[in-house]
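Colleague: Sharing a structure here in structure tokens format.
The values are calculated or read from the model by the stated rules, or taken from the named source; none is laboratory data. A quick note: this is a predicted structure, and the numbers were derived from the prediction, not measured. Here the Cβ is made from the backbone with ideal geometry for all residues, glycine too, and neighbour counts use every protein chain on show.
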Amino acid sequence: MSRLDWPAGFKRTPESERERNRSFEATLGATTKELATEMGRMNADEWRGEISNAHTKSNGLPLHNANPDDPGFVLRWTADSEQFAVACDASPRLRDNVRYVLKWVHETRMRSQRPVQTGDSEFAAARLPPGDDGDVVAGTATSQPAHEVLGVAPDAPETVVESAARARKAETHPDNGGDREEFQRVVEAEEVMLDD
């Protein structure tokens, strides 16, 4: 079984809190077809769906009969050299999670076609931090491992991680003259270490 590459900083829904959606009637196959069409309309440079097993098409979208142990779904894309990701695991059924992502992408794309001026792209909420290649802060060549960001041992206990993160957040917080990006790196590093 492969593991779903959940975006760093995105909270997971506890299994006990996942709820079936009884209003979605489309099949997984129909939903993935609609999502592929929607991504084509967005003119993304490239895009890929992700589930926790290998039952996928070449674009990463699940096959019509995919039934992974982890029902979560992640959609990643690149547009104008920026990386984006949306993810859902609110339902115990993969089909519903893919459908939620489809609905969000469609509704957000439709908002971008309205003659309304905003301060940023409608998809700004899905923009990933610079350098994210699916593993923010977790030790890529361009980013520090989470334990180094916090200044703790790789196997530090939770209490040590929490204490170090609290201190680093205080010194890097933008309200205290710190750098917003560094503060976000500290927050993400804490989440990575506490999720392990």
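Conditions tested, residue by residue: (1) at pLDDT 80 or above; (2) not in a loop (DSSP other than H, G, I, E, B).
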{"residue": "VAL105", "(1), (2)": "yes, yes"}
{"residue": "SER143", "(1), (2)": "no, no"}
{"residue": "ALA156", "(1), (2)": "yes, no"}
{"residue": "SER163", "(1), (2)": "yes, yes"}
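Colleague: Restricting to the stretch 110-141, and then to whatever is farther than 28 Å from LEU194 by Cα and of a type in the set (D, E, K, R), can you tell me which residue is modelled with the highest pLDDT?
Modeller: It comes out as ARG111.
Colleague: So, in the stretch 40-58, of the ones that are over 21 Å from ARG109 (Cα atoms) and of a type in the set (A, V, I, L, M, F, W, C), which residue ends up surrounded by the fewest Cβ atoms within 10 Å (Cβ to Cβ)?
Modeller: Within the stretch 40-58, the subset over 21 Å from ARG109 (Cα atoms) is 51-58.
Then keep just the ones that are of a type in the set (A, V, I, L, M, F, W, C); that gives 51, 54.
Working: ILE51: 25, ALA54: 10.
The qualifying residue surrounded by the fewest Cβ atoms within 10 Å (Cβ to Cβ) is ALA54.
Colleague: Return the residues of the stretch 1-39 that are among the small types (Gly, Ala, Ser), over 25 Å from ARG109 (Cβ atoms) and at pLDDT below 80; say none if nothing qualifies.
Modeller: SER2
Colleague: Of the conditions (1) closer than 19 Å to ALA66 by Cα; (2) part of a loop (DSSP other than H, G, I, E, B), ALA8 clears all except one; give me its number.
Modeller: With (1) closer than 19 Å to ALA66 by Cα; (2) part of a loop (DSSP other than H, G, I, E, B) applied to ALA8, the lone miss is (1).
Colleague: Give the stretch 11-40 a look and list any residue that's under 18 Å from the mean Cα position of the chain (by Cα) and assigned to a loop (DSSP other than H, G, I, E, B), or say none.
Modeller: Selection gives LYS11, ARG12, THR13, PRO14, ARG18.
Colleague: Somewhere in the stretch 41-63, is a residue without any contact (Cβ under 8 Å) to a residue 60 or more places away in the chain, outside any loop (DSSP other than H, G, I, E, B), touching a His at 6+ places or on another chain (Cβ under 9 Å) and farther than 27 Å from LEU194 by Cα? Please lay out each step first, then the result.
Modeller: Step one: filter the stretch 41-63 for residues without any contact (Cβ under 8 Å) to a residue 60 or more places away in the chain, giving 43-63.
Next cut, outside any loop (DSSP other than H, G, I, E, B) only: 46-50, 56, 62.
Retained after the next criterion (residues that are touching a His at 6+ places or on another chain (Cβ under 9 Å)): 62.
Imposing the further condition that a residue be farther than 27 Å from LEU194 by Cα reduces the set to 62.
The answer is yes; a qualifying residue exists.
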